[in-house]
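One structure is given here, and the rest of the page talks about it.
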Amino acid sequence: MEHSYYLDLRFVPPGVPPHSHAYAILHELNHHEILKIWSPDEPTLLIAQLQHQMRHTLLTSVTQDGNGWAIEVRVRDDQELLPLVQTLRRDHDHLDRRFVQAMRHLQAGQLAEGLLGVAELERSLRAHIAMENELLAPLGMQGAPQATDLMLREHEDLLMQLALIAEIRDSSAGPRELDTWLGLLAASLNKHESREESLLFPEWTRVLACKPDQRKLLAEVRDRLGALSTPASGTT
Ligand SMILES: [Fe+2]
Ligand SMILES: [Fe+2]
């Protein structure tokens with residue numbers, strides 16, 4: 001039987017952001033439990049903040065009465081198939097966290113851990129790009145050809161930057177040089193992910209919804225993103 005917890009956001013202590021309060025409970029929730037939140041404010045922003053903090057693993061439903069909004073939240077079991085957009089956003093988050101970890105190690109002078117982190121990042125990003133080129137680019141070719149072309153060009157640019165970083169990683173250049181190039185790659189990737197999420201995610205979702213074999217494609221996307229099943233160790 002599912003157990004429920006209740007959170008009324010009218011009674012959150014002053015100065016505590018509502019999403020922080022809800023996150024503290026969600027963080028401890030297991031897959032058989034539900035958090036029922038009552039919010040006096042429209043909850044779109046709150047849900048987006050919680051999804052980000054919980055790495056897009058939340059299932060939510062919202063109902064409105066005259067006085068506010070009732071939000072039911074459940075944490076998705078890792079074995080459940082995530083919808084496409086959540087799967088991709090989650091992998092973007094994984095990539096971003098790998099950057100932060102690798103750069104943190106390098107800046108702290110932990111060269112071995114930093115180099116290992118960079119190698120993991122290279123592997124994950126290459127897998128992500130290859131999957132998007134082979135499985136998702138064809139979905140956007142008809143309805144969003146310009147955005148698809150832009151994505152493919154940006155992927156080439158990211159791969160060139162990755163090749164340069166791999167060269168530096170294997171050379172005798174110091175961590176400072178690696179750190180600089182990683183910073184540039186992080187900026188490129190950040191812009192790329194934002195463009196992809198705003199220009200292509202809606203189109204991919206629309207086209208995928210019309211495909212009879214959508215579950216098969218989703219499963220393949222998920223399989224190709226090895227990062228989903230093997231999150232970086234020591235994630236923050
Ligand atoms: Fe991409
Ligand atoms: Fe992507």
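The values are calculated or read from the model by the stated rules, or taken from the named source; none is laboratory data. Bear in mind that the values here come from a model prediction, so they are computed numbers and not experimental data. Ideal geometry is used to build each Cβ from the backbone, glycine not excepted, and the neighbour counts take in all protein chains shown.
For the range 195-208, the set of residues classified as farther than 16 Å from Pro145 by Cβ and more than 10 Å from ligand 2 (Cβ to nearest atom) consists of Ser198, Thr205, Leu208, listed by residue number.
May I ask you to say which residue of Leu121, Leu135 is away from ligand 1 (no atom under 11 Å from the Cβ), under 26 Å from His105 (Cα atoms) and aliphatic (A, V, I, L, M)? Full working, then the answer.
Values: Leu135 fails: under 26 Å from His105 (Cα atoms).
Being away from ligand 1 (no atom under 11 Å from the Cβ), under 26 Å from His105 (Cα atoms) and aliphatic (A, V, I, L, M) holds for just one of Leu121, Leu135, which is Leu121.
Selection of the range 116-141 for residues being of a type outside the set (D, E, K, R), touching a residue at least 60 places away in the same chain (Cβ under 8 Å) and either more than 30 Å from Gln214 (Cα to Cα) or out of contact with any Phe, Trp or Tyr (no Cβ under 8 Å at 6 or more places or on another chain) (or both) yields Gly117, Val118, Ser124, Leu125, Ala127, His128, Ala130, Met131, Leu135. Summed over the range 133-169, residues that are more than 30 Å from Ala219 (Cβ to Cβ) and within 16 Å of ligand 2 (Cβ to nearest atom) total 1. Being over 30 Å from Ala137 (Cβ atoms), β-branched (Val, Ile, Thr) and in contact with a Pro (Cβ under 9 Å, 6 or more places away or on another chain) is the requirement here; does Val85 meet it? When the stated conditions are applied, Val85 does not pass them.
Which one of Ser172, Ser124 is within 12 Å of ligand 2 (Cβ to nearest atom), assigned by TED's automatic domain parsing to the domain that holds Ala112 and of a type in the set (Ser, Thr, Tyr)? Steps first, please.
Details: Ser172 fails: within 12 Å of ligand 2 (Cβ to nearest atom).
Unique residue meeting the criteria: Ser124.
Residue count for the range 25-59, restricted to those that are of a type in the set (Ser, Thr, Tyr), surrounded by 14 or more Cβ atoms within 10 Å (Cβ to Cβ) and either at pLDDT below 90 or more than 23 Å from Glu2 (Cα to Cα) (or both): 1. Of the listed requirements (1) at pLDDT below 90; (2) among the β-branched types (Val, Ile, Thr); (3) crowded, with 18+ Cβ neighbours inside 10 Å; (4) within 16 Å of ligand 1 (Cβ to nearest atom), Val75 misses just one: (4). The residues in the range 187-227 that are within 14 Å of ligand 1 (Cβ to nearest atom), buried (at least 16 other Cβ atoms within 10 Å of the Cβ) and within 16 Å of the chain's Cα centre (by Cα) can be counted, and the count is 10.
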